[in-house]
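Okay, structure first, notes after.
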Amino acid sequence: MRHPVTYALAAVALFAFLAGNAAADPKFEGRKKCSSCHKSQAKSWKKTAHAKAMNSLKPNKKAKAKKRAGLDPAKDYTKDKDCVGCHVDGFGQEGGYEIEDPSKYKKGVGCESCHGAGSKYRGIHRKAGAKFEKKGKTTSRKKLAATGQDMDFVERCSACHLNYEGSGWKGTKEPYTPFTPDVHKKYSFDFDKYVADAKAMHKHYKLPGAFTGEPKFKMHDEFQATAEESKKGKK
């Protein structure tokens, strides 16, 4: 017969294991921290449809589109859990947007919706940038990927834009988006086309070169070949 202390120690060990695993998952932090360095991207993003995504859920906003999709244009969908997830950062995930306690820095489809929860890779960005600026030393992108930065966010986009039956995307599940190509052809989703659209995403700016190697974002080299120089110090 086992001694009660044995069970107690086992319980403590299990708790520590679970706590350790929970702590290992990156958390959503909100775009304020991203914007503190990526000022030009943040300024460009504020003008995009993604930045204003929550506005479309408000009563009488996008009324024509809602009617076409079979929704009530007079209804407030900003607290509807079946809708909010595709209009904010990290809904239902650690540190993500909460309906009961909404954060303005997680409202809209922002940085972390595409690039992944930033609690771990943000620190690597900051340190790598400082190291590159002071010593010219680069950092492998593998470190970013290993700590949660998504270098291939096609799936993240598809999770909202292609989440309807018959879309061809393998990850479809309820609740489905009501905005499908059958409702209007503009809801057809072409990742390569829309990721290059500054009105949907944001303008692309020259990166300093602090990170090297694979994995790279899709179309990374094409964007950098024509990217603008960012305006330092401009918010």
For the range 195-225, what are the residues that are free of Cβ contacts under 8 Å to residues at least 60 places away in the same chain, of a type in the set (A, V, I, L, M) and surrounded by 13 or more Cβ atoms within 10 Å (Cβ to Cβ)? V195, A196, L207, M219
How about the range 92-104: which of its residues are within 12 Å of the chain's Cα centre (by Cα) and either surrounded by fewer than 20 Cβ atoms within 10 Å (Cβ to Cβ) or over 17 Å from Y77 (Cα atoms) (or both)? Q93, G96
Pick from the range 156-171 the residues that are more than 11 Å from the chain's Cα centre (by Cα) and charged (D, E, K, R): which of them is farthest from E214 (Cα to Cα)? E165
Quick one: which of K67, K27 is modelled with pLDDT of 90 or more, over 23 Å from S230 (Cα atoms), of a type in the set (D, E, K, R) and not in a loop (DSSP other than H, G, I, E, B)? K67
Any pair with Cβ under 6 angstrom, 6 or more apart, that starts in the range 61-83 at a residue that is more than 16 Å from C160 (Cβ to Cβ) and ends at one that is small (G, A, S) and loosely packed, with under 15 Cβ neighbours inside 10 Å: P73/A63
Selection count where residues are without any contact (Cβ under 8 Å) to a residue 40 or more places away in the chain and under 13 Å from V109 (Cα atoms), scope the range 23-56: 3
Touching a helix residue (DSSP H, G or I) at 6+ places or on another chain (Cβ under 9 Å), without any contact (Cβ under 8 Å) to a residue 12 or more places away in the chain and closer than 18 Å to A69 by Cα - does that describe any residue in the range 156-165? no
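Based on this model, can you work out whether A225 counts as over 19 Å from G110 (Cα atoms) and either of a type outside the set (S, T, Y) or in a helix (DSSP H, G or I) (or both)? Walk me through how you get there before you give the answer.
Details: over 19 Å from G110 (Cα atoms): yes; either of a type outside the set (S, T, Y) or in a helix (DSSP H, G or I) (or both): yes.
Here the answer is yes, as A225 does meet what is asked.
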Which residue is farthest from C34 (Cα to Cα), if the candidates are limited to the range 85-101 and must be touching a residue at least 12 places away in the same chain (Cβ under 8 Å) and out of contact with any Gly (no Cβ under 9 Å at 6 or more places or on another chain)? I99
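Of the residues D182, D192, only one is surrounded by fewer than 16 Cβ atoms within 10 Å (Cβ to Cβ) and either at pLDDT below 95 or not in a loop (DSSP other than H, G, I, E, B) (or both); which?
D192 is the lone residue from the list that is surrounded by fewer than 16 Cβ atoms within 10 Å (Cβ to Cβ) and either at pLDDT below 95 or not in a loop (DSSP other than H, G, I, E, B) (or both).
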Here are the criteria: (1) in contact (Cβ under 8 Å) with a residue 12 or more places away in the chain; (2) more than 19 Å from the chain's Cα centre (by Cα); (3) exposed (fewer than 11 other Cβ atoms within 10 Å of the Cβ). Tell me which single one E228 does not satisfy. (3)
Of the residues in the range 105-123, those that are part of a helix (DSSP H, G or I) and buried (at least 17 other Cβ atoms within 10 Å of the Cβ) number 7
Of all residues making up the range 127-179, the number that are crowded, with 18+ Cβ neighbours inside 10 Å, part of a loop (DSSP other than H, G, I, E, B) and small (G, A, S): 2
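Take the range 146-161 and flag every residue that is more than 16 Å from H50 (Cβ to Cβ) and among the aliphatic types (A, V, I, L, M).
Within the range 146-161, A146, M151 qualify.
The values are calculated or read from the model by the stated rules, or taken from the named source; none is laboratory data. As the structure is a computational prediction, the values presented were derived from the model and not from experiment. When we count neighbours, we look across all protein chains shown, and the Cβ atoms used for this are built from the backbone with ideal geometry, even at glycine.
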